[in-house]
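Right, one structure below, let's go through it.
Read-outs: derived from the displayed coordinates by stated rules, not from any lab. Quick caveat, the model's predicted, so the values are computed rather than measured. Every residue, glycine among them, receives a Cβ derived from its backbone with ideal geometry; neighbour counts consider all protein chains shown.
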């Protein structure tokens, strides 16, 4: 009864969304930014809808992967809606789009970038674990061109993900780069033709779902927390104390994997 009540609440919540679409298929949650007429720019209400959607994904034990994309074929997200007043003062608890300060989310998040990803849209993509980009996509932080500063984590994430000098080249010129250039710089995981975007995202999702859930979450948390350690030596020494690492090591999946391999059968993850 509790589970049915929770599902009913979730359905009502999803139906109430005005600016995003959320679909749940098997173990994958797909969040679609749905304001195509304004390049899926994020307004005040969208920030809070995204926060709710990510909260639901994080707390639902049946959901293993989140895919975020944009409606239409022109834009993933062109950033903040500048016509919407007082955006910065109204961000939800987990920051811009309810995602950029969600540091405790150990489940994989994939950005399926189907067009322009500028400003806050680029920052949302950078906060994801994997970026699959259409060859028509462009990425950039154009905030200085309108007298603003990228405050949604883009300055920090871009410099950490591609190195200082390459990041400064993008940040200080405020000029966008293509998906191919993003792939060469290292923040795009894979660039594909527009018609192949969904199938390639599906390929990544299927590969992740074939793995042990606890091993995936432990791997993500270990990478992210390890980057915060002072040295490689500290990262290796401390990883056994990370919460997701302990859950994996002490759980049944760590036993099931080797057992299934030995018995030449598919593992049944718990």
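May I ask you to order 209-215, 135-141, 110-116 by the average number of other C-beta atoms within 10 Å around their residues, highest value first?
Result, highest mean Cβ count within 10 Å first: 110-116, 135-141, 209-215.
Is region 213-262 rounded, prolate or oblate when judged by the Cα gyration tensor, a ≥ b ≥ c being the square roots of its eigenvalues, rounded requiring a/c under 1.5 and prolate requiring a/b larger than b/c? Walk me through the numbers on the way to the answer.
Working: a/c = 2.69, a/b = 2.43, b/c = 1.10.
Prolate shape, in that a/c is at least 1.5 and a/b is the bigger ratio.
Given the peptides 167-177, 35-45, arrange them by the average over their residues of other C-beta atoms within 10 Å, most packed first.
Per-residue Cβ counts within 10 Å, averaged per peptide and sorted highest first, yield 35-45, 167-177.
Does region 94-198 classify as rounded, prolate or oblate by the C-alpha gyration tensor (a ≥ b ≥ c root eigenvalues; a/c under 1.5 gives rounded; else a/b over b/c gives prolate, otherwise oblate)?
Note, shape of region 94-198 comes out oblate.
Among 252-258, 119-125, 182-188, how do they line up from the highest to the lowest mean number of other beta-carbon atoms within 10 Å? Before the final figure, lay out the partial values.
Values: 252-258: 14.1, 119-125: 28.9, 182-188: 18.9.
Ranking the peptides 252-258, 119-125, 182-188 by packing returns 119-125, 182-188, 252-258.
Rounded, prolate or oblate: pick one for region 177-270, where a ≥ b ≥ c are the square roots of the eigenvalues of its C-alpha gyration tensor, a/c under 1.5 means rounded, and failing that, prolate if a/b is larger than b/c, else oblate. Don't skip to the answer; put the middle values down first.
On the way: a/c = 3.30, a/b = 1.25, b/c = 2.63.
Oblate shape, in that a/c is at least 1.5 and b/c is the bigger or equal ratio.
At what distance in nm do the modelled label points of residue 38 and residue 84 sit from each other, each positioned 7 Å from its Cα along Cα→Cβ?
My value for the distance between the label points is 0.7 nm.
Can you put 145, 224 in order of Cβ neighbours within 10 angstrom, beginning with the fewest?
Going from sparsest to densest Cβ surroundings: 145, 224.
With semi-axes √(5λ) of the Cα gyration tensor in Å defined as stated, name the option among [x] 31, 23, 18; [y] 25, 22, 19; [z] 44, 27, 16 computed from the structure displayed.
Entry [x].
At what distance in nm do the modelled label points of residue 103 and residue 199 sit from each other, each positioned 7 Å from its Cα along Cα→Cβ?
Inter-label distance under the simple model: 4.1 nm.
How far apart, in nanometres, would the label points at residue 61 and residue 161 be if each is projected 7 angstrom from Cα along the Cα-to-Cβ direction?
Between residue 61 and residue 161, the label points sit 3.2 nm apart.
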